[in-house]
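One structure is given below, encoded as structure tokens.
The values are calculated or read from the model by the stated rules, or taken from the named source; none is laboratory data. Being a predicted model, the structure only gives us computed values, none of them experimental. For neighbour counting, all protein chains shown are included, and Cβ atoms are generated from backbone atoms with ideal geometry for every residue, glycine included.
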Amino acid sequence: MNQDGVVRIAMWSGPRNISTAMMRSFENRSDCAVWDEPFYAHYLSATGLDHPMATEIIAAYETDWEKVANLASGPVPGDKTVFYQKHMTHHILPHMDLARLQGIRHAFLIRDPARVLMSYMEKRANVTLEDLGFSQQHQLFEMIWDDQKIPPPVLDAEDLLLNPMAMSTALCVALGIEFDPAMLSWPVGRRKSDGLWAAHWYGSVEQSTGFIAPSNSARKVPEHLRDLLVDAEFYYQALRPHRLKAK
């Protein structure tokens, strides 16, 4: 806990990693404020990529990454004592210095690349390895490990979905906060904390009320994306040995 009594958490994942469900879980704690992909507007502004609602997102949110970084380390909305920040690893570009994120506990949410890829393609047909954030996630993990001298916590989405209570508890222990049973379920619907992009990306999670066990197997990845899947699998497997285990 910082001197101001706040635990600030940066959860790093790629898209379609159940990251929004995880944000719902934390937001259902009475002591927690959440922040949805605060670097997204800067990412879109800096790259010029053709993402759904890009123009609206750039107009509505802060595009200066340094200002966003300062806010991430600053006062917490509603004077909450836990500040959960949902970050996408691919939003961190080479010119951005994460040393600006002071007093923040980092954690990583990973997921089987085949499941990520097939879910992503439902929302955006054209996809590259960079879009999925696997290589950036591995790089950030190594950088934070080197800086902190210990590996940051890693949570595998499948472990969480199969055993929500045990894995949520393990994550809270790793982050130095008390587990709250309220993290296991939440009301259906959209949140004021959701970014504008919720209209395109959050359809399934808006209908959810908790973590749902995955199907036994992911759908088969198309042949033309097999090389991409192999590359993503390399980075996923590099982090997977560090994943949290249920007690």
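Name every residue in segment 67-92 that is hydroxyl-bearing (Ser, Thr, Tyr) and part of a helix (DSSP H, G or I), in order of residue number.
If we filter segment 67-92 for residues that are hydroxyl-bearing (Ser, Thr, Tyr), which is where we start, we get 73, 81, 84, 89.
Of everything in segment 67-92, just one residue is hydroxyl-bearing (Ser, Thr, Tyr) and part of a helix (DSSP H, G or I), namely Thr89.
From Ala157, Ala174, grab the single residue that is under 23 Å from Pro214 (Cβ atoms), within 16 Å of the chain's Cα centre (by Cα) and either among the aliphatic types (A, V, I, L, M) or surrounded by 14 or more Cβ atoms within 10 Å (Cβ to Cβ) (or both). Give the steps one after another, and end with the answer.
On the way: Ala174 fails: within 16 Å of the chain's Cα centre (by Cα).
Of Ala157, Ala174, the one residue that is under 23 Å from Pro214 (Cβ atoms), within 16 Å of the chain's Cα centre (by Cα) and either among the aliphatic types (A, V, I, L, M) or surrounded by 14 or more Cβ atoms within 10 Å (Cβ to Cβ) (or both) is Ala157.
Mind counting the residues in segment 82-112 that are of a type outside the set (A, V, I, L, M) and crowded, with 17+ Cβ neighbours inside 10 Å?
Our first condition is that a residue be of a type outside the set (A, V, I, L, M); within segment 82-112, this holds for 83-87, 89-91, 94-95, 97, 100, 102-103, 105-106, 108, 111-112.
Now narrow it down to the ones that are crowded, with 17+ Cβ neighbours inside 10 Å: 83-87, 89-91, 105-106, 108, 111-112.
Counting residues in segment 82-112 that are of a type outside the set (A, V, I, L, M) and crowded, with 17+ Cβ neighbours inside 10 Å gives 13.
For Gln148, state whether it is polar (S, T, N, Q) and either touching a strand residue (DSSP E or B) at 6+ places or on another chain (Cβ under 7 Å) or closer than 29 Å to His51 by Cβ (or both). Walk me through it before giving the result.
Numbers: polar (S, T, N, Q): yes; either touching a strand residue (DSSP E or B) at 6+ places or on another chain (Cβ under 7 Å) or closer than 29 Å to His51 by Cβ (or both): no.
Spelling it out, it is not the case that Gln148 is polar (S, T, N, Q) and either touching a strand residue (DSSP E or B) at 6+ places or on another chain (Cβ under 7 Å) or closer than 29 Å to His51 by Cβ (or both).
Where in segment 5-66 are there helices (runs of 4 or more DSSP H), lying wholly inside it, with at least 1 residues that are surrounded by 18 or more Cβ atoms within 10 Å (Cβ to Cβ) and over 16 Å from the mean Cα position of the chain (by Cα)? Walk me through how you get there before you give the answer.
Working: elements: 19-27, 40-47, 54-60.
The qualifying helices (runs of 4 or more DSSP H) are 40-47, 54-60.
Looking at this structure, is Glu142 assigned to a helix (DSSP H, G or I) and either in contact with a Pro (Cβ under 8 Å, 6 or more places away or on another chain) or buried (at least 16 other Cβ atoms within 10 Å of the Cβ) (or both)? Full working, then the answer.
On the way: assigned to a helix (DSSP H, G or I): yes; either in contact with a Pro (Cβ under 8 Å, 6 or more places away or on another chain) or buried (at least 16 other Cβ atoms within 10 Å of the Cβ) (or both): no.
Answer is no for this residue.
Restricting to segment 15-37, count the residues that are of a type in the set (Lys, Arg) and closer than 18 Å to Ala157 by Cα.
So in segment 15-37, the residues of a type in the set (Lys, Arg) come out as 16, 24, 29.
Narrowing further to those that are closer than 18 Å to Ala157 by Cα: 16, 24.
Total satisfying the criteria: 2.
Which of (1) in a strand (DSSP E or B); (2) farther than 20 Å from Phe211 by Cβ does Phe108 not meet, given it meets every other one?
Every condition holds for Phe108 apart from (2).
Taking the residues in segment 226-247 that are over 27 Å from Asn163 (Cα atoms) and touching a helix residue (DSSP H, G or I) at 6+ places or on another chain (Cβ under 7 Å) as candidates, determine which candidate is surrounded by the fewest Cβ atoms within 10 Å (Cβ to Cβ).
Filtering segment 226-247 for residues over 27 Å from Asn163 (Cα atoms) gives 226-228, 230-231.
Filter once more, so that each one left must be touching a helix residue (DSSP H, G or I) at 6+ places or on another chain (Cβ under 7 Å): 228, 231.
Values: Leu228: 19, Asp231: 15.
Of everything passing the filter in segment 226-247, Asp231 is surrounded by the fewest Cβ atoms within 10 Å (Cβ to Cβ).
For segment 113-139, name all the residues that are surrounded by 15 or more Cβ atoms within 10 Å (Cβ to Cβ) and among the hydrophobic types (A, V, I, L, M, F, W, C).
Scanning segment 113-139 gives Ala114, Val116, Leu117, Met118, Met121, Val127, Leu129, Leu132, Phe134.
List, please: which pairs have Cβ atoms under 7 Å, are six or more places apart or on different chains, and start with a residue in segment 55-67 that is in contact (Cβ under 8 Å) with a residue 12 or more places away in the chain and end with one that is in a helix (DSSP H, G or I) and among the aliphatic types (A, V, I, L, M)?
Close Cβ pairs satisfying both conditions: Ile57/Ala41; Ile57/Leu44; Ile58/Ala41; Ile58/Leu44; Tyr61/Ala41; Glu62/Ala41; Glu62/Val68; Thr63/Ala41.
Just one of (1) touching a helix residue (DSSP H, G or I) at 6+ places or on another chain (Cβ under 9 Å); (2) exposed (fewer than 13 other Cβ atoms within 10 Å of the Cβ); (3) farther than 23 Å from Met23 by Cβ trips up Glu223, so point out which.
With (1) touching a helix residue (DSSP H, G or I) at 6+ places or on another chain (Cβ under 9 Å); (2) exposed (fewer than 13 other Cβ atoms within 10 Å of the Cβ); (3) farther than 23 Å from Met23 by Cβ applied to Glu223, the lone miss is (1).
Could you list, in sequence order, all residues of segment 170-188 that are part of a loop (DSSP other than H, G, I, E, B) and either under 19 Å from Pro153 (Cβ atoms) or at pLDDT below 95 (or both)?
Within segment 170-188, Gly176, Ile177, Glu178, Phe179, Asp180 qualify.
Among the listed residues Met88, Met143, Met118, which satisfies the condition of being farther than 24 Å from Ala21 by Cα and touching a residue at least 24 places away in the same chain (Cβ under 8 Å)? Spell out the reasoning first.
Values: Met88 fails: farther than 24 Å from Ala21 by Cα; Met118 fails: farther than 24 Å from Ala21 by Cα.
Exactly one residue qualifies, and that residue is Met143.
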